[in-house]
Amino acid sequence: MEKYAHNHLLFLHDLTVPFENNISERDLRKAKNRQKMAGGFRKESGHRMYCSILTVIETLKRRDTGILENIRQLFMGTPAIF
C-alpha cells in the first residue's frame, strides 16, 4: 500500500479521477435487475443480445455522444463508434 499510495489517493490530487470504482458494478446491476424482474432470460441468445445492446448504449453514454443518432447509423450499416 505504501509503494502505490500515490495511485490509491490520486483522486485527492486530480479531481477528474473518480474516488470509487463502481462503473463495472453499476453496469452489472442493470443486467442483474433485468434478470430478477423478468425471471431470467429464456435463451442464451437473448442474454447475449441484451448484453450487446447494453454495451453499445453504455459506451455511447461514456463517450458523451448522441445515442439515438449512433444507433441509427449502426442500423444503416455505418460503424458509429468503432
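We did not get these values from a lab; they are worked out from the coordinates using the rules stated. Every value quoted in this text rests on a predicted model; they were computed, and no experiment measured them. Methodologically, a virtual Cβ is constructed for each residue, glycine included, from the backbone with ideal geometry; neighbour enumeration extends over all protein chains shown.
Sort 3-15, 54-66 for me by packing, meaning the mean count of neighbouring Cβ atoms within 10 Å per residue, highest on top.
The packing order, highest mean first, is 54-66, 3-15.
Quick check: the angle from helix 44-62's long axis to the longest principal axis of the chain, C-alpha only, nearest 10 degrees?
The answer is roughly 50 degrees.
How far, in degrees from 0 to 90, does helix 23-38 lean away from the longest principal axis of the Cα atoms of the chain, to the nearest 10?
Around 40 degrees separate the two axes.
How high is the FRET efficiency between residue 61 and residue 10 when r is their beta carbon distance and R₀ equals 25 Å, given to the nearest 0.05?
0.60
Quick one: how many lysine pairs does the chain have with C-alpha atoms less than 21 Å apart and a gap of 8 or more or different chains? Give me the count, please.
Within the chain, the lysine pair count is 4.
Taking the Cβ-Cβ separation of residue 27 and residue 3 as r and a Förster radius of 35 Å, what is the calculated FRET efficiency to the nearest 0.05?
Rounded to the nearest 0.05, the efficiency is 0.70.
Treat each spin label as a single point 7 Å out from the Cα along the C-beta direction, and report the residue 43 to residue 78 distance in nm.
The two pseudo-label positions are separated by 3.2 nm.
How much of the pair distance distribution for the chain lies past 23 Å, counting alpha-carbon pairs only, in percent?
I get 46 percent for the Cα pairs in the chain exceeding 23 Å.
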